[in-house]
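Notes follow the structure.
The values are calculated or read from the model by the stated rules, or taken from the named source; none is laboratory data. For clarity, every value in this text was computed on a predicted model and none was experimentally measured. Note: ideal-geometry Cβ built from the backbone for every residue, glycine included; neighbour counts use all protein chains shown.
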């Protein structure tokens, strides 16, 4: 079990040069904004709600409509008349539209779309639209949103809880009664996103002659959203042609969120009678693309005195924002089969609630559900160690799924395919020199420094079961709807008449290098070089093989798609061998491929070039033996292990489960509270490694995103629902200056369930790293509670001396001269209202653009003109590079 | 993120720039490096009717030592000043602070005077100007005048510049014998606007400490040569006077704590740097 897979001869397992890079490095990539749109294409701009919650009265569009260059303006009324709501994954009286209809429920929600001859004019027109908002109370905290008195987001639902399900596996109640102790954590996971460099882009066209839409978008799938969009557009599936561009500038799940915008822009094209293009800008992206869910979790364990966990009790409250957009609440159920993480825990109960708040709707994001689950689970393991006076690593070791127990069926129905968790940890401890790190901690603490070590053991699921989301339904509801399960991966491999190989995949790559790995796979089967194989990554739903599971998510490429490529290539190879066998007069099994030739195993001179063989099948099929000789194979592959949820709600939510063990040493600056990651070790077992360079790239990128989540990034909202993270000066993404290089270690236990033995590796550090760093911070400070992101100001509050008011002042006067926040309490967002009679000229000039200010600056709420010289301004602090305005206006 | 419509005037002479500013007044904005102005235009936070581009004016694209100051013209980019020969000897505080101004990419475009004219309360160059007691040279079709840095900054993004005036140059006093200089800043990421920035100038008889990122403009205080206890008390009083605010990145109490601790450290460091 400990053995690293022997490297097979061939291209797989080698870091071959990426086929994608020449174009990308020379500026020849073809992203959605590089594609020449059809002649006559118009530009769209979207008017967005500055209010977190308001009834929408009149929308006055006449002035905008009169602006030269404006072709059409789409509002909620048009969308309601032309389309249907986007279908949701659960049965609840909720309507999800791509635009606000009569009511805005989050800052940034589309209110109108202007279509004009160019984007400048479209944005000019936005300024001329007057929307009458009747403010409603907003609710941003999921716990507050659950209260019976909370303002309702969706009146028909009658509450803000869209789903409330409880599950029980084994006999957790008995275990809690019998265990020595009950240890619990209560944690909040913040909102964040992986913010791809390239934003959303859509080019949509409507052909009235066919009643058909043709859309090009940098959508990443899953293609289960295709029927959702076709239904929303009220056309049959075959009248929505969806295409993706060859290149996409990153996605990390986020480009699943294009769904409402594809519908919206398609409708705008229909209304305008012309093709319409919309490229999302960064302000739009941050406020209204998609966000990971924030989650409030209470997790309790029934624990023996030695730290052995007998049972878990999960209570998860998932905040999906203002709408339940498909495939949500998937983030809450993706991890359902592996809620016990890397541990052998047989008794689990779970309560899952899905809550609506006045925030951007949530959706796919790297790690999808994993960061939230593991933050609770691995904080709990550290808490157990702390309360029982044990070493946290010993608590982890004591609870691991035993080596040799694989495939291991978890209490909640997951099937952990392969692994050697204990072995991986021992290797990481040795190769990552944990002993030396512990000595460093002793030394640092001896000098009075704040130094901590954190651990995290994580099972990384990949290749989602398309049926896992139906776990949110009851068994009866599932029975009515019909079973959902599996995960179709598709690939097509073909020989052209010159004997050259082409491959088409439906994995909508977003920069990872899928084309290179597919070429490696095929090159190995046919004895070619990867550069001989042409791989198309762009998808056209009208022409290509695809299924609802197609797309780029749940780290499914290496395990599922590369596997489907392998199967298609093998099938084609068998055909080619049969054709060659006749010509070479040997048995098919004695045909081997080398140098673009088929040759007899024992006599390499008895050979025939691929070009001859392929030409024969194309030019003279009538001369060949009976049977199918066409040299084109399309494989649809789905693994039998991905069964539908059982009547008892057990679900194998993912096909593969990689293993990660991380540990790190961090130091917290005694003055500023800033965290410095001193050393980070991450051990991965992702099954068979197909391309070591890309695996390292995935780990490096995932680590960078996770470091952002741990230390910097948060979509913050003020209590009134104002959005506080509207620019990259407020939403802080770590740069090369902030990201240390982790030590990456590997071992390989191939998956028995995938054609190539590979598993996913793209998301694991987003699950392991935030909690590993949080555990280290808790260790450094010796505290129970740490909150992400680890803001220096929050950490410093633990050790900054208590502030005394200056001599000669009372508390009241000190606060008056100093600041206006409650002392000691970390109220990070100031807010207030002030009437301004006279302000300096510069600020005055900006105020005259009050409407724009309110619409664009996160934090700026209502700006009301009382008279020519009096404005009433309602501003929330935190506006990045222009935050001086906020300072000027806020008292 | 597309700017509203504006007119663009590329001044070929200083007189043309002055004339354009005189003609358009508050409707005009001077375009220099554009590192702040262009994003503000794109976000439609600023909507000037006219942009007056001054980057073709060779007469204000110079910098150099003039008597006991470094005079930096309006066309000089931050990266140019950073590469000035022996800047660390001519004015150590500038040499220490410039690497904290944005990023290498923005310094390559952004100008020194542009940063001063923009008057962000968290920006490093206004802080250095106040710490050193430098001056701003304003010119217009009407007149020329000099304003001390401390009087130039009147609030966040607000200055004493009149609508028709151009910040033609700024002057930073050169290093003086017996003086020591130190600079420290804390931001969440390198290159971000400071949560707290501290610049200190130590003399034989005391020190001057300027703080950025906390008040509505950079603020300087004189600290007499004093024992540690009274310095601590004086810094504490200063931290309260700065009128710190809460925001998404840091609380007011946290900012005061950093003013006290980093302020103290930076005065000590400047003291040790005295030569």
- From the list A:751, A:768, pick out the single residue that is in the same structural domain as residue A:185 (by TED's automatic domain parsing) and more than 16 Å from residue A:392 (Cβ to Cβ). A:751
- Taking residue A:790, is it touching a strand residue (DSSP E or B) at 6+ places or on another chain (Cβ under 6 Å), within 14 Å of chain B (Cβ to nearest Cβ), part of a helix (DSSP H, G or I) and modelled with pLDDT of 95 or more? no
- Note on the structure: The helices (runs of 4 or more DSSP H) lying wholly within the stretch A:307-402 that contain at least 2 residues that are within 19 Å of the chain's Cα centre (by Cα) are A:330-333, A:370-388
- Item | Residue satisfying all of: in the stretch A:23-42; part of a loop (DSSP other than H, G, I, E, B) and in contact with a strand residue (DSSP E or B) (Cβ under 8 Å, 6 or more places away or on another chain); surrounded by the fewest Cβ atoms within 10 Å (Cβ to Cβ) among these | A:38
- Test each condition in (1) under 16 Å from residue A:257 (Cβ atoms); (2) assigned to a strand (DSSP E or B) for residue A:285 and report the one that comes out false. (2)
- Message: With the structure loaded, tell me whether residue B:209 is more than 12 Å from every other protein chain (Cβ to nearest Cβ) and either closer than 21 Å to residue B:124 by Cβ or in a loop (DSSP other than H, G, I, E, B) (or both) or whether it fails that test.
- Response: yes
- Could you look through the stretch B:136-149, keep only residues that are outside any strand (DSSP E or B) and buried (at least 17 other Cβ atoms within 10 Å of the Cβ), and pick out the one that is nearest to the other protein chains (Cβ to nearest Cβ)? B:140
- Query: Which numbered condition trips up residue B:167, out of (1) more than 22 Å from residue B:76 (Cβ to Cβ); (2) within 14 Å of another protein chain (Cβ to nearest Cβ); (3) not in a loop (DSSP other than H, G, I, E, B)?
  - Reply: (1)
- Message: Please count how many residues of the stretch B:1-27 are surrounded by fewer than 15 Cβ atoms within 10 Å (Cβ to Cβ), within 14 Å of chain A (Cβ to nearest Cβ) and either in a helix (DSSP H, G or I) or at pLDDT below 95 (or both).
- Response: 1
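Residue-wise test of (1) crowded, with 20+ Cβ neighbours inside 10 Å; (2) under 32 Å from the mean Cα position of the chain (by Cα); (3) not in a loop (DSSP other than H, G, I, E, B).
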| site | (1), (2), (3) |
| --- | --- |
| A:115 | yes, yes, yes |
| A:124 | yes, no, yes |
| A:138 | yes, yes, no |
| A:145 | yes, yes, yes |
| A:162 | yes, yes, yes |
| A:174 | no, no, yes |
| A:177 | no, no, yes |
| A:186 | no, yes, yes |
- Note on the structure: Residue pairs qualifying under the 8 Å Cβ cut-off, at least six apart or on distinct chains, with the first in the stretch A:476-498 being free of Cβ contacts under 8 Å to residues at least 24 places away in the same chain and the second being assigned to a helix (DSSP H, G or I), are A:481/A:470
- Note on the structure: Restricted to the stretch B:230-259 and to residues being over 16 Å from residue B:193 (Cα atoms) and either more than 9 Å from every other protein chain (Cβ to nearest Cβ) or assigned to a loop (DSSP other than H, G, I, E, B) (or both), the residue nearest to the chain's Cα centre (by Cα) is B:242
- Task: For residue B:257, state whether it is touching a residue at least 60 places away in the same chain (Cβ under 8 Å) and either surrounded by 24 or more Cβ atoms within 10 Å (Cβ to Cβ) or outside the structural domain of residue B:110 (by TED's automatic domain parsing) (or both).
- Result: no
- Query: Of everything in the stretch B:97-113 that's touching a residue at least 40 places away in the same chain (Cβ under 8 Å) and touching a strand residue (DSSP E or B) at 6+ places or on another chain (Cβ under 8 Å), which residue is farthest from residue B:191 (Cα to Cα)?
  - Reply: B:113
- Item | Whichever residue in the stretch B:216-248 is under 23 Å from residue B:93 (Cβ atoms) and out of contact with any helix residue (DSSP H, G or I) (no Cβ under 8 Å at 6 or more places or on another chain) and, among such residues, is surrounded by the most Cβ atoms within 10 Å (Cβ to Cβ) | B:234
- Task: Check the stretch A:413-426 and report whether any residue there is out of contact with any helix residue (DSSP H, G or I) (no Cβ under 8 Å at 6 or more places or on another chain) and more than 20 Å from residue A:684 (Cα to Cα).
- Result: no
- Query: With (1) at pLDDT below 95; (2) in a helix (DSSP H, G or I) as the list, and residue A:737 as the residue in question, which single condition is left unmet?
  - Reply: (2)
- Message: Can you name every one of the helices (runs of 4 or more DSSP H) wholly within the stretch B:28-95 that holds 3 or more residues which are within 14 Å of chain A (Cβ to nearest Cβ)?
- Response: B:37-42
